[in-house]
Amino acid sequence: MVKLAAFDDRVKEKCDVVIVNQIDARLKTLETQIAKQESDVDKKFAQLDSELLKRFTTQDNEISKVTQLEDSIARGDSALDARLNSLENQMKGNGSSSVLDRENVLSDKELIKHVVQEEVNRKTTEERDLENRKRKRRWTTSLIGKLVT
């Protein structure tokens, strides 16, 4: 019996059951925490995916609006060119020598220059706005790319 008791004492020294149970409990706790964190990360990825999809959809809508505005500007430019050509032809056709007609022609020319200048200014402003939108879109896209990586 003494030999058996001595053997039990040596085995207890080499393998403590209490420590093994503590390690098992700690492992289970860590596994539970890791599973919870993975679930949280999956939820955050799903939220990020939906936000990115929403932003890309909004940008696509804005791009289509800009394209429509560009087409509208182009149509307006061609209509304006046609009107200006018509006015120039009328001015060339009306070659009367009356002083009043000459004064009206000069004021008409000045009016035409003014209208053309306003149209050029408007078009320049719209082009700057378009360029700013493009820059903003590129910046947003690069920012999203950085967020994703």
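Identify all aspartates and glutamates with a Cα-Cα distance to K92 below 16 Å; exclude those on the same chain that are fewer than 8 residues away in sequence.
Leaving aside aspartates and glutamates fewer than 8 places away in the same chain, those within reach of K92 are D101, E103, D108, E110.
Could you please report the charge total around E62, scoring K, R as +1 and D, E as -1 over all other residues with beta-carbon less than 10 angstrom from its beta-carbon?
Every neighbour counted, the sum reads +3.
For the cross-link pairs K65/K134; K44/K136; K44/K134; K43/K136; K65/K123; K44/K146, which exceed 18 Å when the distance is taken from alpha carbon to alpha carbon?
Checking Cα-Cα distances, K44/K136; K44/K134; K43/K136 exceed 18 Å.
Return an integer: the convex hull volume of the alpha-carbon atoms of segment 2-148, in Å³ per residue.
106
Determine the calculated [θ] at 222 nm for the chain from helices alone, applying -39500 (n - 2.57) to every DSSP H run no shorter than 4 residues and normalising by the residue count; nearest 500 deg cm²/dmol.
Dividing the helical sum by the residues of the chain leaves -35000 deg cm²/dmol.
Show which lysines lie in cross-link reach of K28 when reach means a straight Cα distance below 16 angstrom and same-chain residues fewer than eight apart are skipped.
K36
Around K43, what is the net charge, scoring Lys/Arg as +1 and Asp/Glu as -1 over all other residues with Cβ under 15 Å from its Cβ?
After counting each charged neighbour, the total is -3.
For segment 117-132, what does the Karplus curve 6.51 cos²θ - 1.76 cosθ + 1.60, with θ = phi - 60°, yield as ³J(HN,Hα) per residue in whole Hz, taken in order and with x for Gly and Pro?
Listing the rounded values in order: 4, 4, 5, 5, 4, 5, 5, 4, 4, 5, 5, 5, 4, 4, 5, 5 Hz.
Output ³J(HN,Hα) for segment 50-64: one whole-Hz value per residue in order, computed from phi by the Karplus curve 6.51 cos²θ - 1.76 cosθ + 1.60 with θ = phi - 60°, and x for Gly and Pro.
Going residue by residue, I get 5, 5, 5, 4, 5, 5, 5, 5, 4, 5, 4, 5, 5, 5, 5 Hz, with x marking Gly and Pro.
FYI, it's all coordinate maths here, none of it is from the lab. In this text the structure is predicted, and so the values were computed from the model without any measurement. Virtual Cβ from ideal backbone geometry, glycine too; neighbours counted across all protein chains shown.
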